[in-house]
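Report on one structure; see the data block that follows.
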């Protein structure tokens with residue numbers, strides 16, 4: 001366990017060198033909340049409530065959702081893995097005295113931990129700039145449950161991106177998979193719009209898949225809503241994490257034989 005902690009710590013410190021990436025991440029969070037402010041400001045100009053959201057609770061949703069989504073830095077890890085496989089650099093991970101998935105998870109956790117403070121700062125700044133009556137719950141059970149769901153959601157997204165990354169053992173270019181995944185996931189996790197605005201039939205279908213619980217449900221819990229979905233959310237995320245863990249193990253064992261360590 002110590003070696004994984006040290007890996008996370010090294011990547012945490014490395015972010016101090018790449019300050020531009022940190023600034024870009026903060027700007028992305030700020031711009032997303034600003035666009036939501038402009039869009040929903042126009043919509044709420046004619047009405048006070050939309051699908052159970054007031055203007056302040058809608059902005060609170062976007063601030064919390066953006067904060068949670070920026071904690072997930074696994075997409076860049078997926079790109080890194082596929083690039084390392086193609087150029088032959090993946091060999092150095094095979095000979096490391098640690099589990100490969102564990103290493104990349106620790107690496108991603110280090111980056112996320114570094115961005116945690118800056119994204120939290122950006123969120124707080126927006127609360128004061130927009131003078132939002134921040135609608136976060138004081139229910140301790142909801143907050144704890146949301147924290148568990150966030151961690152399980154981050155683990156699932158890490159497994160998803162790792163899986164796409166190791167597909168580079170078989171496919172010359174996995175970029176198309178990453179782009180499709182990024183575009184679809186942004187919508188189905190509730191990052192673009194709250195899923196509560198969708199038809200009830202679609203929402204019910206989405207509850208069987210992990211993406212509903214990655215960002216949307218934790219955000220709703222922190223707003224003091226959807227408490228009846230806590231148990232099912234944790235169970236479903238545990239199931240999907242276990243399923244993807246098995247899929248990754250099988251896929252890696254079958255495809256690594258194609259790797260010759262000198263690039264593709």
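The values are calculated or read from the model by the stated rules, or taken from the named source; none is laboratory data. All figures in this text were calculated on a predicted structure; none of them were measured in a lab. Backbone-built Cβ (ideal geometry, glycine too); neighbour counts: all protein chains shown.
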Flagged pairs (Cβ under 6 angstrom, 6 or more apart or on separate chains; first in region 131-147, over 9 Å from residue 218 (Cα atoms); second part of a loop (DSSP other than H, G, I, E, B) and at pLDDT below 95) are 135/223; 137/224
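Evaluate the following for residue 151: is it without any contact (Cβ under 8 Å) to a residue 12 or more places away in the chain and out of contact with any strand residue (DSSP E or B) (no Cβ under 7 Å at 6 or more places or on another chain)? Show your work before the answer.
Details: without any contact (Cβ under 8 Å) to a residue 12 or more places away in the chain: yes; out of contact with any strand residue (DSSP E or B) (no Cβ under 7 Å at 6 or more places or on another chain): yes.
Spelling it out, residue 151 is indeed without any contact (Cβ under 8 Å) to a residue 12 or more places away in the chain and out of contact with any strand residue (DSSP E or B) (no Cβ under 7 Å at 6 or more places or on another chain).
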Candidate set: region 235-254, residues that are under 21 Å from residue 149 (Cβ atoms) and without any contact (Cβ under 8 Å) to a residue 60 or more places away in the chain; chosen: the one surrounded by the most Cβ atoms within 10 Å (Cβ to Cβ) = 236
Looking at region 37-61, which of the residues that are in contact (Cβ under 8 Å) with a residue 40 or more places away in the chain and closer than 21 Å to residue 125 by Cβ is surrounded by the fewest Cβ atoms within 10 Å (Cβ to Cβ)?
-> 56
Matching residues in region 28-44 (touching a helix residue (DSSP H, G or I) at 6+ places or on another chain (Cβ under 9 Å) and at pLDDT below 75) number 5
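Go through 224, 261, 201 for me and flag whichever is under 30 Å from residue 39 (Cα atoms), surrounded by fewer than 17 Cβ atoms within 10 Å (Cβ to Cβ), at pLDDT below 95 and touching a helix residue (DSSP H, G or I) at 6+ places or on another chain (Cβ under 7 Å). Outline the logic, then answer.
Values: 261 fails: under 30 Å from residue 39 (Cα atoms); 201 fails: touching a helix residue (DSSP H, G or I) at 6+ places or on another chain (Cβ under 7 Å).
It is 224.
Kindly establish whether residue 167 is modelled with pLDDT of 95 or more, at negative phi and not in a loop (DSSP other than H, G, I, E, B).
In short, no.
This table checks each residue for (1) modelled with pLDDT of 80 or more; (2) more than 20 Å from residue 159 (Cα to Cα); (3) surrounded by 15 or more Cβ atoms within 10 Å (Cβ to Cβ).
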{"site": "63", "(1), (2), (3)": "yes, yes, yes"}
{"site": "68", "(1), (2), (3)": "yes, no, yes"}
{"site": "87", "(1), (2), (3)": "yes, yes, no"}
{"site": "94", "(1), (2), (3)": "yes, no, no"}
{"site": "98", "(1), (2), (3)": "yes, no, no"}
{"site": "101", "(1), (2), (3)": "yes, no, yes"}
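Look at residue 160 and say whether it is assigned to a helix (DSSP H, G or I), surrounded by 18 or more Cβ atoms within 10 Å (Cβ to Cβ) and out of contact with any helix residue (DSSP H, G or I) (no Cβ under 6 Å at 6 or more places or on another chain). Write out each step before concluding.
Values: assigned to a helix (DSSP H, G or I): yes; surrounded by 18 or more Cβ atoms within 10 Å (Cβ to Cβ): yes; out of contact with any helix residue (DSSP H, G or I) (no Cβ under 6 Å at 6 or more places or on another chain): yes.
Spelling it out, residue 160 is indeed assigned to a helix (DSSP H, G or I), surrounded by 18 or more Cβ atoms within 10 Å (Cβ to Cβ) and out of contact with any helix residue (DSSP H, G or I) (no Cβ under 6 Å at 6 or more places or on another chain).
Has region 170-184 got any residue that is crowded, with 22+ Cβ neighbours inside 10 Å and in a helix (DSSP H, G or I)? Don't jump to the end; show me each part of the working.
Within region 170-184, the subset crowded, with 22+ Cβ neighbours inside 10 Å is 174.
Subset that is in a helix (DSSP H, G or I): none.
No, region 170-184 has no match at all.
Could you tell me which of the residues 118, 134 is within 16 Å of residue 62 (Cβ to Cβ) and buried (at least 16 other Cβ atoms within 10 Å of the Cβ)? So that I can check it myself, show each step before the final result.
Values: 118 fails: within 16 Å of residue 62 (Cβ to Cβ).
Just a single option satisfies the conditions, and that option is 134.
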